[in-house]
Amino acid sequence: MLVWERPEPPDRPTPGALSRDRIVRAAILLADADGLDAVSLRKVAAALEVGPMRLYGYIATKDELLDLMSDAVYAEIQPAGEGWRAALTSLAETTRDAAHRHEWFADLLGGRPRLGPHALAQGEAVVSRMSGIHVDDVMPMVGAVNAYVAGAVRQEITERRAERTSGLDKRQWQAAFGPYLQRLFASGRFPAMSAVVHDAAHLDADRSFRLGLDLLLDGIAARLAR
C-alpha cells in the first residue's frame, strides 16, 4: 500500500506527538537549511526529539519521505487564469517560485512520482483550465512545460549554488574568466559564439526564463493553429 493510503499508527502523547505532516514539515526545514543531504529519518527524528524507530510507523523509507516532501511543495503551486496559455504560464511561474523557496525541490523535479494528493490537485487545476484542447494534446503540452521548467530551474539553482561555493558574484566571475574567453574569441575559432556573447542582449534570470517560456508557448500556439 502506498504511503498516501496507509493509515497512520495511533499516536502516543509522550515523549512527543507525531504525525506524517509533522515529520514532513521537520524534514522540509532541514532541507531548506542544508539541502537533501541533511535529510534522513535519523536526522528528522533528532530534530523532533524522538527515537528513529518511532518514525517507521509513519514512513517506511527515505524515498517515501521524499515523496511526501515533494507533495507538500506541490501544495504551494497553484495555477491560475483561464485558458491553456494562462494556465501553463501560471504553472511554470509558480513551480519556479516554489523551487526558489525550496532549492532541494529542483533536485526532485521530474524524478519523483506525482501521485500525492497535492500533486494530483495541482494537475487537476491545470487540466481543468485547458478546455477546448483535444484530449490527446493536453498532457504533451503540460509535459513540455514541466520539462522546460525543470531544466531552467535546475540551471538557475546550480548557478546559485556555484556562486555560493566559489564566493564569486557575477561581476567577480566575469573578471576571473573574462580574459580567457576574450583570448579564445580573438583566435577566430568560435565566431558564432563570439557574436552571441558580444552582441546579444544579456537578460537577467527572470527575463530569460519568461522569454524561453514564451518561445515554447508560441510554438504550442502555432501547432494548435495548424
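The values are calculated or read from the model by the stated rules, or taken from the named source; none is laboratory data. All of these numbers come straight from a predicted model, not from anything done at the bench. Positions of Cβ are backbone-derived with ideal geometry, glycine not excepted, and every protein chain shown enters the neighbour counts.
Below are the figures for this structure:
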{"item": "Test: residue in region 94-111 that is in a loop (DSSP other than H, G, I, E, B), in contact with a Phe, Trp or Tyr (Cβ under 6 Å, 6 or more places away or on another chain), modelled with pLDDT of 90 or more and hydrophobic (A, V, I, L, M, F, W, C)", "result": "no"}
{"item": "Neighbours by Cβ (under 8 Å, 6+ apart or cross-chain): first from region 7-33, over 13 Å from residue 57 (Cβ atoms); second among the aromatic types (Phe, Trp, Tyr) and at pLDDT 95 or above", "result": "31/104; 32/104"}
{"item": "Residues of region 193-221 that turn out to be in a helix (DSSP H, G or I), modelled with pLDDT of 75 or more and not small (Gly, Ala, Ser), as a count", "result": "13"}
{"item": "Candidates 185, 177, filtered to the one that is out of contact with any strand residue (DSSP E or B) (no Cβ under 7 Å at 6 or more places or on another chain) and loosely packed, with under 12 Cβ neighbours inside 10 Å", "result": "177"}
{"item": "Members of region 125-157 that are among the β-branched types (Val, Ile, Thr) and either in contact (Cβ under 8 Å) with a residue 24 or more places away in the chain or in a loop (DSSP other than H, G, I, E, B) (or both)", "result": "126, 133, 142, 145, 149, 153, 157"}
{"item": "Single condition residue 106 does not satisfy, out of (1) surrounded by 14 or more Cβ atoms within 10 Å (Cβ to Cβ); (2) more than 30 Å from residue 133 (Cα to Cα)", "result": "(2)"}
{"item": "Within region 62-92, considering residues that are of a type outside the set (A, V, I, L, M, F, W, C) and either free of Cβ contacts under 8 Å to residues at least 12 places away in the same chain or touching a Gly at 6+ places or on another chain (Cβ under 6 Å) (or both), the one surrounded by the most Cβ atoms within 10 Å (Cβ to Cβ)", "result": "71"}
{"item": "Number of the exception - residue 89 against (1) outside any loop (DSSP other than H, G, I, E, B); (2) over 20 Å from the mean Cα position of the chain (by Cα); (3) under 28 Å from residue 149 (Cα atoms)", "result": "(2)"}
